[in-house]
Every structure is written in structure tokens, then in C-alpha cells.
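Structure record follows, encoded as C-alpha cells.
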Ligand code: UDX
């Protein structure tokens, strides 16, 4: 049956959720305070780059999908998703201002029975101790009786968010009561994905534990990589190929490199560590995962200096500034740590990225940016590959006789090249 769905927050999670439910035949309205974003969506234009998003907006905007800056649509919605950001504070804890504000706005418009679903990443206990009290206080109504509540974490990868929304490995539904859970389960049923129903706090923890585990796999691969470098003749990529063939381990997220970045892994790990410490438990493993992650980019720069001597005055180009390929997002990108290291060591930096240059320029306005990879390579003595964009994979690096070293931070180059080359997790 067609439902009226309100989605608060038109970031990559909110928009992906919106197009998913529009495609499943529901009437969806996005609410966002950003007027420009709302206008863009209503004009059928994707405000962020996500594969497949533009086509789905064109298909549904003007029919069953729209956006607004006003919360008033909540009154008529059957189900409301809270998809606002939960950024990090200075000390690593999460900032719940947007979650609180949107809960307040929703609370004033509950009217008849509806289910409010928290999709934003929040620490265990937040839906119960923060969101529900705000909803009850503002509405004067009671959860369970007058409205329902669920916690439904997302597991979307940036750049693949639309695909991931339509093909989830699992749907996790944390429910205040059976009635709320049943309503949300009905909504997801057409996806034919496994559905796991649990309580609110457990759903919140599943999200953090999933990200912490994936991040742990990466740091694990990186630690083994660093040991392989000490042995010589053992390639961590072959090691992880052999390791990942064990179905208990799986081959994914075992790619060694300069570490993980992005808007989720570093932030969620820091939040979980802080949360755990507040509860008087020192999370030994999680702290090490971050430690290895911060070691990786610095270690690559150290290895470069071992090979070529001091970087002072040398021209170093860095290819790939985003935290991973196919995005312009530079949040927690390992390029930030690498560039800071290079600046500290006195190198002249030439930076190139197919999409993320302008975002990176906001952080480092004083380094040199070039418009294509050829300009970067022909001016450099040393080349560092930080993100494995396709265009870096099949380049003829041998053409650049000026290069004295390539440091491949993501195992981007697979062919043998006749330029001195170092990479993470392998020493000849
Ligand atoms: C991640 C999770 O995958 C997603 O489920 C969650 O909801 C949000 O966080 P995302 O940040 O978009 O998604 O990127 P992802 O593709 O997971 O990569 C994260 C970082 O890990 C990147 O910097 C990537 O380069 C790095 N990575 C990934 C590795 O270094 N090695 C790997 O094997 C995999």
C-alpha cells in the first residue's frame, strides 16, 4: 500500500532513501533547511554526485518525490525518517544538535499515529534517551500508543549509495514495539533482503560495530603489510588473497594501503572509543585500529625519504586527493596527512585529482594544483598515488624520465614499470 513518507535531511543518506521509496511506489517528501538544495531537487537535479541518482530524480520529481524547507509535511506523513548529520566534535564525541532540532520539529507535528525512524548514526541509547523524550515532550503524546519509533541504520558506501540502497545485505530494524517494527518491515519487504529485528540500542550498536569491524580489517591488512615489508619477497596482496579465501574471513576490505578516510570510519571509531571510555572501558583494539591508520601515510613518506633522501626542496606530486576514488569528498582523506608531512619536510607539492581539487584547495590553499595528470607528472621528481582513480591505473609512467620514484599508496599500478617504485606491503 502506498505510504506518505517524510525524510528529514537531504544528504546522501536522505536522498538515497528518498529515491528508493519513490521507486517502490510511495509518496516521498524531503525536508532540508538548505534552500538551494531543495530548489535543485525540485528542479530534478541531483545536489550531490551519486551514480544513478540523477536518473531516479528525473523519473520521480514532480510526480511522487519533492523537497521542501518546511517541516509541515510531517503532519500528513505516515513514516518519518531522520537522516540528518551527526558530525564529530573536537573531542571525538558526536554532535547531536541536528538530531535534537529535527526531533523537536517533528514532535510539534505528530497529530495522528505515525512511525518516526532514526537513520542517522547515533550511539547506543540515543534514540531511547534523547529522541523519544523530545518527541513525547513536544507532542504531549506517548510513544507506543500515539506514535511508533524505530532505529534503522544505513550501510551505504559513498558513490554506491543508490546501488546499496536497492541491494542491501541486510535491513536492521531496531523497534520500540512490534507495531512500529511491523510497519517498517512492510516498507522494506519488496527488496527481498534479510531483515533483522531487534531493540533500539542493539540496532544503534550494530552500525558502529559494523564500521569498526570493516576498519579493523583494513588496519589488520595494513599491519600485516608493514610486517611483509620487513621480510622482503612477500606481497601482502597475495597474502590477503590467500587469507580472504577462507569464507569465515571473506576477501573484502583487506586491501592494504595508506589507510581509510571518509565521513564514516574515522568519525564512528572515534565516537565509539569516546563512548566506551565514558563508560570506563578502554577499547584497546579500536584505539590500535586508528593508530595503525594514522601510521600508514606517515610511514609511506618515511619510506620515500629512505629511498631518495631528504624531501627538502624536491618536487613531489600527489595523485588523488579524495578519500577514495569516484568522489570529491576529502573528509579525513589520507592525502591531508601526506600533504602535511610533505610540508613539514620542506617538499614542493603539486596536487592533482579529477574531482576533489576544489575541496582540497579549501584546506591547503598554498600548494600548487594542476588540471591534468600529465602536468603533475612532468613537473615532479617523486610521485605519490593516494587514491586509485582509474585514470592513474594505465598511465605510461615510463614516459616521465624526470621521475626518480613512484610511491604507490593504493597498489594502483599493476604493470611492471622501469622507474624506481615502492608500494605498501611489498619489498623486493
Ligand atoms: C563506509 C562503509 O563502507 C559504509 O558501509 C558506511 O555506511 C559508511 O562508511 P565509505 O566511507 O563511503 O563507506 O567508503 P568505503 O568504500 O567503505 O571506504 C572507506 C575507506 O577505506 C576509503 O578511504 C578506502 O580507500 C579505504 N579502504 C577500503 C581501504 O583502505 N582498504 C580496503 O580494503 C577497503
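Coordinate-derived values only; no laboratory data. What you see is a predicted model, and the numbers here were worked out from it, not measured in a lab. Here the Cβ positions follow ideal geometry from the backbone for every residue, glycine too, while neighbour counts run over all protein chains shown.
If you take the beta carbon distance between residue 398 and residue 51 as r and set R0 to 25 Å, what does 1/(1 + (r/R0)^6) give as a FRET efficiency, to the nearest 0.05? Present the calculation step by step, with values, prior to reporting the outcome.
Numbers: r = 33 Å, r/R0 = 1.32.
Calculated value: 0.15.
So how much slack lies between residue 288 and residue 307, counting 0.36 nm per residue of separation and subtracting their Cα-Cα distance, in nm?
Values: separation 19, 0.36 × 19 = 6.84 nm, distance 2.78 nm.
That works out to 4.1 nm of additional length.
Pull out the extension gain between residue 199 and residue 249, defined as 0.36 nm times the separation in residues minus the alpha carbon to alpha carbon distance; nm, one decimal.
Answer, rounded to one decimal: 15.3 nm.
Sorted by packing (mean other beta-carbon atoms within 10 Å per residue), highest first, where do 374-381, 276-283, 32-39 land?
Top to bottom by mean Cβ count within 10 Å: 374-381, 32-39, 276-283.
Okay, which of segment 144-171 sit inside 17 Å, backbone N to the point 7 Å along the Cα-Cβ direction of residue 192?
Label zone hits: 164-171.
So, in nm, how far is label residue 279 from label residue 76 when the simple model puts each one 7 Å beyond its Cα toward the Cβ?
Reported label-point gap for residue 279 and residue 76 is 4.3 nm.
Compute log10 of I(q)/I(0) for the chain with the Debye formula, placing one identical point scatterer on every Cα and leaving out solvent, at q = 0.14 Å⁻¹, to two decimals.
-1.25
Just order 114-127, 215-228 by mean Cβ neighbour count inside 10 Å, highest at the front, would you?
114-127, 215-228
In what sequence do 392, 275 fall when counting other Cβ within 10 Å, fewest first?
275, 392
If you average 1/r over every pair of different alpha-carbon atoms in segment 4-198 and take one over that average, what Kirkwood value in Å do you get?
Every distinct Cα pair counted, the radius reaches 16.7 Å.
If I model a spin label at residue 417 and residue 345 as a point 7 Å from the Cα along the Cα→Cβ vector, what separation in nanometres do I get?
For residue 417 paired with residue 345, the spin-label model returns 1.8 nm.
So for segment 147-192, considering every pair of alpha-carbon atoms, how many percent are separated by more than 15 Å?
Working: 478 of 1035 pairs.
Counting every Cα pair in segment 147-192, those more than 15 Å apart make up 46 percent.
Computed FRET efficiency, Cβ-Cβ of residue 93 and residue 34, R0 22 Å: what is it to the nearest 0.05? Could you put the intermediate results ahead of the total?
Numbers: r = 25 Å, r/R0 = 1.13.
Efficiency, rounded to the nearest 0.05: 0.35.
Using only Cα atoms, find the angle between the long axis of helix 284-308 and the longest principal axis of the chain, and express it within 0 to 90 degrees, rounded to the nearest 10.
30
List 421, 252 from most exposed to least, where exposure is judged by having the fewest other Cβ atoms within 10 Å.
252, 421
Give the calculated FRET efficiency between residue 226 and residue 378 to the nearest 0.05, with a Förster radius of 25 Å applied to their Cβ-Cβ distance.
The formula returns an efficiency of 0.20 here.
Can you give me the angle between helix 265-278 and the longest principal axis of the chain, using Cα atoms only, in degrees from 0 to 90, rounded to the nearest 10?
70
Among bridges DSSP assigns within the chain, what percent are antiparallel (round to 5)? Mind dumping the intermediate values first?
Values: 4 of 49 bridges.
Given both bridge residues lie in the chain, the antiparallel proportion sits at roughly 10 percent.
Quick one, can you get me the convex hull of the C-alpha atoms of segment 238-379 expressed as volume per residue in Å³?
Roughly 154 Å³ of hull volume per residue.
May I ask you to compute the full-extension gain from residue 129 to residue 178, defined as 0.36 nm times their residue separation minus their alpha-carbon distance, rounded to one decimal in nm?
Stretched fully, the residue 129-residue 178 segment lengthens by 15.7 nm.
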